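Below you'll find the structure, written out as structure tokens, and then a few comments.
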Amino acid sequence: MRVLLVGSGGREHAVAVALARSPLLTGLFTAPGNPGTASLGTNVAIVADDVAHLVAFARAERIDLVVPGPEAPLVAGLADACAAAGIACAGPSAAAARLEGSKSFTKEICDEAGIPTARWERFTDAASARAFVRRRGAPIVIKADGLAAGKGVVVAQSVAEAEAAIADMMQDTSRGGAGASVIEECLEGEEVSLFAFCDGTDAVLIGAAQDHKRIGEGDTGPNTGGMGAISPPPGFGPEAQERALELLVRPALAVLARRGTPFRGVIFAGLMLTTQGPKLIEYNVRFGDPEAQALLLRLESDLLAALLALCGGRLAESGLRFSAQASIAVVLAGRGYPGQPATGGAITGIEAAEAIAGVRVFQAATVLDAAGVLRGSGGRVLSVCATADTLADARDAAYAGVARIEWSDGIWRRDIGVRALGRATS
Ligand code: AMP
Ligand code: GLY
């Protein structure tokens, strides 16, 4: 099997490592990839959302399976273009990818499927949105209705903050949705993410994780793409995950299938564990980053076989197996991230970190210079991950790994998993 993996983050490096273990793999290409994926196959200089060039490459190189990492190419129709070219793609069509691309689409699907979620309303003019917020009061959540790369959501603690968000989002059409917004009830509880493979009708659990989105320790400062993840979150084990899959994911898949736009790929459901049970916050149509790194470290079976089964509607036969271990991912970013990161600093110590039992380091924004020195080249640069029998042991191993990395530009949170461990023992 010749596989084209799309993306260049730590998530894609982790997927590449899992694919490379498959006896079915005969060729791995990653577009555009990073030095981590280059060590496992061939990097191809095509950016991740250039659908036309990706498909042209896949045809020319007789690719059997395209594996998309990020959402942008899916929303832009990568799976549809692959289908038209007769190439399997382990990701949803643009129509099904609207689950991530459009907040109001997701809410409509939830309502049709009877999925518990925050009460909501959609607005296309700022005056009605402001009037609604004044009536409802704070806290309240304002979302730009379009693909906004995680930046289009404001959890407003006051009416003034909500009004400022409305002014910002509804006049700035670059945030998507032609200035529309979804305003919804603020859910309270522990936030967790659930991942499953879907083959159009069936869904098989991958596992659950908890992201650490803020840049600062103690969950402070600006939001990032994710500074660390643990899996599973304490108190949200396999049985609770299965129940959440049945309650919050399978009904949405049934609605999509009924509408003639079945979902094939990885679904990532963001949930709030409220006192009334789990409620859906959002769907993403892909693996999370860094959640994928933590989840895939526990994969015991063949990822490529599972993705092929997913494309063929045979997921139940795929024999997907994950270990019962706990895992953790600690992200190292360039100083300045999520603003302008420092770049160019030399990175050493990855091998030393990986010499620790259970530790694996995935690369994201890295480059190899002409002398073969690895350097940081962007925001999130490495994820140092570990698996062990307990979260506490996985955490100790990962931070021991971090201590062996030498990189003067690197910043990281020292408290990934700390709150969860507190909960687990309290
Ligand atoms: P999203 O872009 O939909 O992933 O939202 C980003 C983040 O905003 C989520 O991960 C939550 O932390 C928060 N959020 C979104 N919707 C709600 C809600 N209804 N109640 C509380 N927090 C929310
Ligand atoms: N870590 C969150 C995401 O990948 O969207």
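The values are calculated or read from the model by the stated rules, or taken from the named source; none is laboratory data. Model, not experiment: these values are computed from the prediction. Backbone-built Cβ (ideal geometry, glycine too); neighbour counts: all protein chains shown.
The table below lists the values:
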item: Segment 326-348 - residue that is in a loop (DSSP other than H, G, I, E, B) and touching a Gly at 6+ places or on another chain (Cβ under 8 Å) and, of those, surrounded by the most Cβ atoms within 10 Å (Cβ to Cβ); result: Y337
item: Selected residue (only one of G265, G228 is over 19 Å from V155 (Cβ atoms), in contact with a His (Cβ under 9 Å, 6 or more places away or on another chain), of a type outside the set (A, V, I, L, M) and within 16 Å of ligand 2 (Cβ to nearest atom)); result: G228
item: Residue list for segment 29-72, restricted to those being among the hydrophobic types (A, V, I, L, M, F, W, C), under 28 Å from Y283 (Cβ atoms) and touching a Gly at 6+ places or on another chain (Cβ under 9 Å); result: A31, A48, V51, I63, V66, V67
item: Any pair with Cβ under 7 angstrom, 6 or more apart, that starts in segment 158-170 at a residue that is touching a residue at least 40 places away in the same chain (Cβ under 8 Å) and more than 15 Å from R122 (Cβ to Cβ) and ends at one that is part of a helix (DSSP H, G or I) and aliphatic (A, V, I, L, M); result: A167/A126
item: Qualifying position, being farther than 19 Å from A14 by Cα and among the acidic types (D, E), among E317, E354; result: E317
item: Any hit, segment 193-204, residues being among the hydrophobic types (A, V, I, L, M, F, W, C), assigned to a loop (DSSP other than H, G, I, E, B) and closer than 23 Å to A394 by Cα; result: no
item: Of residues in segment 284-316 being within 11 Å of ligand 2 (Cβ to nearest atom) and not hydrophobic (A, V, I, L, M, F, W, C), the one surrounded by the fewest Cβ atoms within 10 Å (Cβ to Cβ); result: N284
item: Any chance F197 is within 16 Å of ligand 1 (Cβ to nearest atom), out of contact with any Ser or Thr (no Cβ under 7 Å at 6 or more places or on another chain) and in contact (Cβ under 8 Å) with a residue 12 or more places away in the chain; result: no
item: Residues that are outside any helix (DSSP H, G or I) and surrounded by 22 or more Cβ atoms within 10 Å (Cβ to Cβ), drawn from segment 50-69; result: I63, L65, V66, V67, P68, G69
item: Residue within segment 233-248 that is on the phi < 0 side of the Ramachandran plot and within 16 Å of ligand 2 (Cβ to nearest atom) present; result: yes
item: Count of residues meeting criterion [without any contact (Cβ under 8 Å) to a residue 12 or more places away in the chain and either under 24 Å from P70 (Cα atoms) or in contact with an Asp or Glu (Cβ under 8 Å, 6 or more places away or on another chain) (or both)] in segment 340-370; result: 1
item: Subset of segment 201-212 that is modelled with pLDDT of 95 or more and not hydrophobic (A, V, I, L, M, F, W, C) - its residue that is farthest from ligand 2 (Cβ to nearest atom); result: G207
item: Any hit, segment 44-61, residues being of a type in the set (D, E, K, R), in contact (Cβ under 8 Å) with a residue 60 or more places away in the chain and more than 16 Å from ligand 2 (Cβ to nearest atom); result: no
item: One residue from R298, R375, R335 being of a type outside the set (S, T, Y) and within 23 Å of F268 (Cβ to Cβ); result: R298
item: Failed criterion for I281 (all others in (1) outside any loop (DSSP other than H, G, I, E, B); (2) more than 16 Å from ligand 2 (Cβ to nearest atom); (3) of a type outside the set (G, A, S); (4) over 23 Å from L5 (Cβ atoms) hold); result: (2)
item: Qualifying positions in segment 221-265 - outside any strand (DSSP E or B), farther than 16 Å from E108 by Cβ and among the polar types (S, T, N, Q); result: T224, Q241
item: Odd one out for G312, checked against (1) away from ligand 1 (no atom under 16 Å from the Cβ); (2) more than 23 Å from G69 (Cα to Cα); result: (2)
item: Residue that is surrounded by the most Cβ atoms within 10 Å (Cβ to Cβ), among those in segment 16-29 that are in contact with a Leu (Cβ under 6 Å, 6 or more places away or on another chain) and within 21 Å of V384 (Cα to Cα); result: A16
item: Output for segment 250-275, where each listed residue is out of contact with any Phe, Trp or Tyr (no Cβ under 8 Å at 6 or more places or on another chain) and more than 13 Å from ligand 1 (Cβ to nearest atom); result: R250, P251, A254, V255, R258, R259, G260, T261, P262, F263, R264, T275
